Amino acid sequence: MILELIPETPVELVEKFCVTFHCRHVHIQYKHFIVSSSKSTLDFSLISPYVKQRINTNSDLQLASLGFSPKTGFQIEDITVGNGSNMFVAAGPCSVESHEQANETALFLKSQGIRFFRAGSFKPRTSPYGFQGLEEKGLEILKTIKQEHDLLLISEAKDATNVDQVLKYADVLQIGTKAMYDQGILKAAGKSGKPVLLKRGFGSTLQEFVQAAEFILCEGNERVILCERGIRTFETATRFTLDLCGVEWLKAHTRLPVVVDPSHAMGYSYGVTGLSRASAALGVDGLLIEVHPSPYGALSDSSQQLDFDSFKKLKAQISSIANTMSVSVI
Ligand code: PEP
Ligand code: MN
């Protein structure tokens, strides 16, 4: 349950109430809310004169739910995401490897009208012997690229210890599939107030995924994007299984922008364009696509990154699909 309080509510009373009834006091854009677990039966007589509105979400999807607010989208710099009028394409290499590699990719993507550049510099690899990313040095490179090409940067933090470091450079903080359950990074991302792209844990249910987003939202950070990037099933022929049913569920139950990353789901470049077309036809709010000047030589995820020609075709195809739905591709 969510209680919206009138602005005059004494803060000490709210704090006392929250301690007594084990609920959270949340501030969002100058408004105060009390959020309680769906399982608790809240006796709010203590605070009732200050309650402006009571919202029964009937589940632990609370601040993310459509019951709390309609889907309006939000701003990331000059771009509105998640209001249904556009679909953004965030593209770039899995990892920043050098200035030349990032620059060549950015130059190409800019020529394709892309505004969001994605590239990781802290790579949470499964093997400790794989390329771990250029870390701070890579972020310095990305800062130059972002400035020179007027791009918005999406980059990943591995854990709570480097959230601030990444956000010195990035416009959007990416939380990867393996970090989705890490409450330290979720809380730090929430407190940062910066836009967050939260990837679904590959072994998590949709409910767990949205609950992870709630950890960010209840810190008062409204700008959370949900990213479906494939889940683990019994199938091993593809890297993961893209859960398009899940995408529809997220669209039907949450007010947050929903985007798809077909690159990590498929794991092979040959499937990325088809899955992007399918996602565009579902009306997702964005796509995350890995692109590299020479994919075979990439230091991470080489099998799934698209070369420039393939990306060009993908962009043209999804644009014509989006066009039929009066959605612009940015
Ligand atoms: C990535 O986007 O490069 C990445 C590592 O993604 P995921 O966390 O979904 O595997
Ligand atoms: Mn990758």
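The values are calculated or read from the model by the stated rules, or taken from the named source; none is laboratory data. Nothing here was measured: the structure is a model prediction, and the numbers come from that model. Heads up, the Cβs are rebuilt from the backbone with ideal geometry, glycines too, and the neighbour counts pull from every protein chain shown.
Of the residues SER45, SER38, the single one that is of a type in the set (Gly, Ala, Ser), without any contact (Cβ under 8 Å) to a residue 24 or more places away in the chain and out of contact with any Pro (no Cβ under 6 Å at 6 or more places or on another chain) is SER45. If you check SER155, SER192 for being more than 15 Å from ligand 2 (Cβ to nearest atom), touching a strand residue (DSSP E or B) at 6+ places or on another chain (Cβ under 9 Å), among the hydroxyl-bearing types (Ser, Thr, Tyr) and within 30 Å of LEU63 (Cα to Cα), only one passes: SER192. Starting from residues that are part of a helix (DSSP H, G or I) and within 16 Å of ligand 2 (Cβ to nearest atom), keep the ones in region 174-189 and report whichever is surrounded by the fewest Cβ atoms within 10 Å (Cβ to Cβ). For region 174-189, the residue satisfying everything is LYS178.
A quick yes/no check of all residues on (1) in a helix (DSSP H, G or I); (2) touching a Ser or Thr at 6+ places or on another chain (Cβ under 9 Å); (3) farther than 20 Å from THR80 by Cβ; (4) modelled with pLDDT under 95:
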{"residue": "SER204", "(1), (2), (3), (4)": "no, yes, yes, no"}
{"residue": "ALA212", "(1), (2), (3), (4)": "yes, yes, yes, no"}
{"residue": "GLY220", "(1), (2), (3), (4)": "no, no, yes, no"}
{"residue": "GLU235", "(1), (2), (3), (4)": "no, yes, yes, no"}
{"residue": "THR238", "(1), (2), (3), (4)": "no, no, yes, no"}
{"residue": "CYS245", "(1), (2), (3), (4)": "yes, no, yes, no"}
{"residue": "TRP249", "(1), (2), (3), (4)": "yes, no, yes, no"}
{"residue": "VAL259", "(1), (2), (3), (4)": "no, yes, no, no"}
{"residue": "THR273", "(1), (2), (3), (4)": "yes, yes, yes, no"}
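Each row is one residue, and each column tells you yes or no for (1) touching a Leu at 6+ places or on another chain (Cβ under 8 Å); (2) within 22 Å of ASP307 (Cβ to Cβ).
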{"site": "SER38", "(1), (2)": "no, no"}
{"site": "SER59", "(1), (2)": "no, no"}
{"site": "LEU66", "(1), (2)": "no, no"}
{"site": "GLU100", "(1), (2)": "no, yes"}
{"site": "PHE131", "(1), (2)": "yes, yes"}
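For VAL272, are the conditions met, namely being in contact (Cβ under 8 Å) with a residue 24 or more places away in the chain and within 14 Å of the chain's Cα centre (by Cα)? For VAL272, the condition - in contact (Cβ under 8 Å) with a residue 24 or more places away in the chain and within 14 Å of the chain's Cα centre (by Cα) - is not met.
What residue, of GLY133, GLY138, is part of a loop (DSSP other than H, G, I, E, B) and either away from ligand 2 (no atom under 16 Å from the Cβ) or among the small types (Gly, Ala, Ser) (or both)? Checking each option against the conditions leaves just GLY133.
Assessment of region 287-298 against the conditions (away from ligand 2 (no atom under 16 Å from the Cβ), closer than 25 Å to PHE74 by Cα, under 15 Å from the mean Cα position of the chain (by Cα) and assigned to a strand (DSSP E or B)) yields no matching residue. Restricting GLY267, GLY230 to those that are within 16 Å of ligand 2 (Cβ to nearest atom) and more than 18 Å from the chain's Cα centre (by Cα) reduces the list to GLY267.
Considering only residues that are within 13 Å of ligand 1 (Cβ to nearest atom) and among the hydrophobic types (A, V, I, L, M, F, W, C), which ones fall in region 171-195? Break it down into steps so the answer makes sense when it comes.
Residues of region 171-195 that are within 13 Å of ligand 1 (Cβ to nearest atom), as a first pass: 172-182, 185.
Result: VAL172, LEU173, ILE175, ALA179, MET180, ILE185.
Could you tell me whether any residue of region 248-264 is of a type in the set (S, T, N, Q), away from ligand 2 (no atom under 16 Å from the Cβ), surrounded by 17 or more Cβ atoms within 10 Å (Cβ to Cβ) and more than 21 Å from SER303 (Cα to Cα)? Yes, the conditions are met somewhere in region 248-264. Identify, please: which residue in region 85-114 is small (Gly, Ala, Ser) and crowded, with 16+ Cβ neighbours inside 10 Å and is, among those, nearest to ligand 1 (Cβ to nearest atom)? Checked region 85-114; the qualifying residue nearest to ligand 1 (Cβ to nearest atom) is SER95.
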